[in-house]
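The values are calculated or read from the model by the stated rules, or taken from the named source; none is laboratory data. Fair warning: this is a prediction, and the values are worked out from it, not measured in the lab. Positions of Cβ are generated from backbone atoms using ideal geometry, with glycine treated the same way; all protein chains shown enter the neighbour counts.
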Amino acid sequence: MSLMDISDYDVDSIAGDLFKRIKEESKKLLRRQLSILGIPDGDVKLWHIKRILYPDDPNVLCRYEYDGKIILGVMIGESGMSIEFDVVNLETLKNKGEVQ
């Protein structure tokens with residue numbers, strides 16, 4: 001198969017599958033990070049989680065913050081062919097939801 005054989009549909013299909021996978025992995029990692037902070041799934045208030053986009057940075061896609069502290073970063077790998085997650089090392093805290 002040459003590049004000429006690849007249709008827009010094929011590329012859209014691959015992109016859609018990749019997007020779905022990134023979305024699933026992001027949700028899983030965010031849930032894990034919030035769990036470490038002692039916040040159960042049903043307890044998360046959406047306004048406490050902020051997603052910051054970086055449209056001008058070719059390598060950094062976004063980061064997630066909880067109450068102003070970074071809990072997860074999402075970026076493009078060095079080769080440009082992978083997505084990397086920067087999972088911030090959070091300690092389990094006694095005060096629910098407090099990020100150090």
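Quick one: residue 57 ticks every box in (1) touching a helix residue (DSSP H, G or I) at 6+ places or on another chain (Cβ under 7 Å); (2) modelled with pLDDT of 90 or more except a single one, so which number is it?
Going through (1) touching a helix residue (DSSP H, G or I) at 6+ places or on another chain (Cβ under 7 Å); (2) modelled with pLDDT of 90 or more one by one, residue 57 breaks only (1).
Could you tell me whether residue 76 is touching an Asp or Glu at 6+ places or on another chain (Cβ under 9 Å), among the β-branched types (Val, Ile, Thr), more than 20 Å from residue 18 (Cβ to Cβ) and surrounded by 14 or more Cβ atoms within 10 Å (Cβ to Cβ)?
For residue 76, the condition - touching an Asp or Glu at 6+ places or on another chain (Cβ under 9 Å), among the β-branched types (Val, Ile, Thr), more than 20 Å from residue 18 (Cβ to Cβ) and surrounded by 14 or more Cβ atoms within 10 Å (Cβ to Cβ) - is not met.
Looking only at residues in the stretch 37-52 that are surrounded by 11 or more Cβ atoms within 10 Å (Cβ to Cβ) and of a type in the set (A, V, I, L, M), which one is modelled with the lowest pLDDT?
Restricting to residues being surrounded by 11 or more Cβ atoms within 10 Å (Cβ to Cβ) and of a type in the set (A, V, I, L, M), the top hit is 44.
Among residues belonging to the stretch 18-36 that are under 17 Å from residue 86 (Cα atoms) and of a type in the set (A, V, I, L, M, F, W, C), point out the one that is surrounded by the fewest Cβ atoms within 10 Å (Cβ to Cβ).
22
From the residues in the stretch 83-99 that are under 13 Å from residue 30 (Cα atoms), touching a strand residue (DSSP E or B) at 6+ places or on another chain (Cβ under 7 Å) and not in a strand (DSSP E or B), which one is modelled with the lowest pLDDT?
By that ranking, first place goes to 90.
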